[in-house]
1. Specify the residue that is farthest from residue 364 (Cα to Cα); the eligible residues are those in the range 143-179 that are open to solvent by 30 Å² or more (accessible area, probe 1.4 Å) and without any contact (Cβ under 8 Å) to a residue 60 or more places away in the chain.
2. Check whether at least one residue in the range 108-127 is surrounded by 15 or more Cβ atoms within 10 Å (Cβ to Cβ), in contact with a His (Cβ under 9 Å, 6 or more places away or on another chain) and within 12 Å of residue 159 (Cα to Cα), and report yes or no.
3. Is it the case that some residue within the range 52-67 is touching a Pro at 6+ places or on another chain (Cβ under 6 Å) and assigned to a helix (DSSP H, G or I)?
4. Looking only at the range 639-680, which residues are basic (Lys, Arg) and closer than 24 Å to residue 842 by Cβ?
5. Those residues that are under 33 Å from the mean Cα position of the chain (by Cα) and either small (Gly, Ala, Ser) or open to solvent by 20 Å² or more (accessible area, probe 1.4 Å) (or both), I need them from the range 90-104; list them, please.
6. Which members of the range 201-238 meet the condition of being more than 15 Å from residue 299 (Cβ to Cβ) and acidic (Asp, Glu)?
7. Scan the range 259-296 residue by residue and report those that are among the charged types (D, E, K, R), over 23 Å from the mean Cα position of the chain (by Cα) and within 25 Å of residue 488 (Cβ to Cβ).
8. Among the numbered criteria (1) part of a loop (DSSP other than H, G, I, E, B); (2) at pLDDT 95 or above, which single criterion is violated by residue 519?
Amino acid sequence: MKRGIFFGFLLFVAAQLFAQKITTPESWFGFRPGDDRQLFGYEKLIGYLRTLEKQSDRVKLVSIGRSPIGKEIYVLLLSSPANLERIDELKDINRRLALEPDIPAVELESMVDRGKVFVVATMSMHSTEVGPSQSVPLMAYELASTNDPLKISWLENTVVMIVPSHNPDGMDMVVDHYNKYKGTKYERSQMPGVYHKYIGHDNNRDFVMLTQEDTRAISRLFSHDWFPQVMVEKHQMGATGVRYFVPPPHDPIAENIDAGLINWMGLFGAAMIKRMTTDSLKGVTQRYLFDDYWPGHTETCLWKNTIGMLTEAASAHVATPVYVEKQEIGVIGKGLGEYKKSVNMPDPWPGGWWRLSDIVNYEISSMWGIVETASLHRERLLRFRHDITAKMVELGRKEAPYYYLLPPSQNDPGELVHLVALLREHGVNTYALTSDVRLSNMVFPSGSVVVPLAQPFRAFIKEVMEKQEFPVRRYVPGGEIIKPYDITSWSLPLHLGLECHEVNERIAALEASLKEIEQYDLPLASVEKAWGYALSPSQNASYALVFNLLGKNKPVFRLQQTTEHEGKPLLAGTFVVEATALKGIDWPQGLLAEPMMSRPNFELKRLKSPVVGLVETWFHDMDAGWTRYIFDSYNIPYRVLRPADLAVGVPSGIEVLVFPSASKSVLLDGKQGEGVNAAPANFPPGFAKGMGKEGLSKLMQWLDQGGLIVSWGASAALFEGTHSIKSGTENEDFRLPFRDVSEELKKKGLYAPGTLMRLYMVVNHPLTYGIPARLNVFSRGEPVFATSVPVLDIERRVLASYAQSNLVQSGYAENDELLKGRSALVWMQKGRGQLVVMGFNPQFRANTRGSFKLLFNALLMGQ
């Protein structure tokens, strides 16, 4: 007995000495993470984690990519020393469980016996939601230094993977802003602009299109590299509601997600709320507000068989405490009809002070609930991952649809190239037909792209390839529908403008003709001794090349009318470039060009690079950020202008002004909300300014004198109503011949929460070159235009209207018949200038690539 006590004492002393050699967060940062009004930045955070890695054999820091600005993104591994020593073996077990449906039983048993549950936590992708990232050092230190036998068993059974900051660029922006104004009246001010190179809060809307580098880095964890079994994405929400949300979510849920994943979410959520209640953390709720219907957020890994979950903590004023009166606490329905004790919130928070330290405590408690549950169910979780892999493949073999089939001949063949590359980035295998195959009354030629559903990520394939039909659920029979949290359409073929066929029968001849695509591209049109090339205006890639050439002052010409050359038709809007202009120029992926052996004998109009001003507000202007991203991606030079820059007139040299969707009050007055609801922004001095009435007058005078304005969404309201400009020595008052009637339609029941709708297009107009007669666009049902007969030197043309039949192409809308035949795109002329207003976002989240050309054509209209 004495001997046992002695050895126990030695182990205790050794454990204490081990803990003492590990640097505490307090000593590294100079404060305890979560302390009032204290924040650390990204490099300081990574520096601490590197220090832990050197001091503890339970810690490993792995680079997984770079942010859009160039910061390295890491995942932090926390596990037992033995697990980290064989991390490559464990990764391989994960990969095989996730991708191989037919592992022999004996080998599977061995893998389950040797494998560990990998639990990923991604922190603070929305950078004002600082709590998750600020909690990481405390989590890491605890697991690196703990002597608790329970937590040591967690480390033996799991590999905890923490992405310390999902958005390193935004983290530093927010921390720098907060520290700059700390101690002043602007300590609780909003950071002007977006907390990202481009898209701010919308980085959590990019997990289908994968446009951003940080998105792709995180996505690869689930699609290519680590294949974790469990994932949680940690967010924050408003300050005056519930304190914390844990799974499961509220309805609606995606019908393609396997029931087993939903059940596991419920189990993990129950463990979280149980632990948090035991830790005396109040106001925790489940089945509230947040649904799991649409992919696009980080939990898109659910469609790839990872148990993906969301948590949301109530926010403070970044790191400044907030006092919440009891009377200010509220809920919005969808799981909680009132803020009272209920099955979805068994222990309400009474109100009072809410601090960053509270958020940190909630984050740690919920994280331990997840890790403990993963440890407890290690074998079941590993078996489940393989079982669902096998189930998805078997469903793909036995249940329709069996394939999606896309012919190589497309209106924009480059978008098929883009789709294949995107699916490959998602871990989806694509194939090409090696011979012609007949399907019903159609023949699909060799080279057609086939996406079989007998793959581990079947749910994802079906979700992004099919037309969306919203699963209508109601609070009571016949009552109000449960509205979606976000959009209702994301079908890749439809959003990219591709012809795609869903095949609901298995075809032996097709399967015998499949060859896996390693890299899909279109053949270059290089022909020796060609004088030049004709570039179709139907291809997005044509515009990428054209804007690149124009930016280098290379000659580019455009046809103003349909003609013929060397026996081949050339449509109006076709670009013509000389072969000599292409030397040293990168050829865009997926671009098809028609060789021209001789110089055309018809008139060619040379283009020049338009001088573009992009109006971006300081109000976390994500739509403008997406536009900047697209301009950069397509080699379009531009100058960012703030509304206040226009107060003294349009800057000299600007030829085109682009107004992404932003409210009239923000653009004009620098205030949020309209009319009596307009409220001043909580920005530091100099940011909450609009162009003002005088600036608007100068803007309209610039238009009258030959300027070109391109506007969509909410910003179209800026150009409604009566305008006054100087005309010689007199003032001229006028109204443009359009108005927004969407409020009238909404009162009649129109509801479109983000829907893909069909437009009837007027073709062969300079704005619609390359656009098909039927075009799918992303619409929220506002604005909708009514036009009138113009007077004086004003003209207008309706170039797109909502379809009279088959209006909703994908997604959900109520009373959409109210839109049929109404104007969606109007071109106007005032004096020598032109104005384009669109009732939809032509570049919505870089998702609706089929309508990008409307924006590109608009930039070139002033020539």
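1. Selected residue: 173.
2. Yes, because at least one residue in the range 108-127 is surrounded by 15 or more Cβ atoms within 10 Å (Cβ to Cβ), in contact with a His (Cβ under 9 Å, 6 or more places away or on another chain) and within 12 Å of residue 159 (Cα to Cα).
3. Checked against the condition, which is being touching a Pro at 6+ places or on another chain (Cβ under 6 Å) and assigned to a helix (DSSP H, G or I), the range 52-67 yields no hits at all.
4. Within the range 639-680, 639, 642, 664 qualify.
5. If we filter the range 90-104 for residues that are under 33 Å from the mean Cα position of the chain (by Cα), which is where we start, we get 90-101.
Across the range 90-104, the qualifying residues are 91, 92, 95, 96, 98, 99, 100, 101.
6. Selection gives 202, 213, 214, 225.
7. Applying the first criterion (among the charged types (D, E, K, R)) to the range 259-296 yields 274-275, 279, 282, 287, 291-292.
Now narrow it down to the ones that are over 23 Å from the mean Cα position of the chain (by Cα): 274-275, 279, 282, 287.
Answer for the range 259-296, where residues must be among the charged types (D, E, K, R), over 23 Å from the mean Cα position of the chain (by Cα) and within 25 Å of residue 488 (Cβ to Cβ): just 287.
8. Failing condition for residue 519: (2).
The values are calculated or read from the model by the stated rules, or taken from the named source; none is laboratory data. Remember, predicted model here, so these are calculated numbers, not experimental data. All Cβ positions, glycine included, derive from the backbone under ideal geometry; neighbour counts span all protein chains shown. For accessibility, only protein heavy atoms count, side chains too; no ligands or nucleic acids. Shrake-Rupley method; radii C 1.70, N 1.55, O 1.52, S 1.80 Å.
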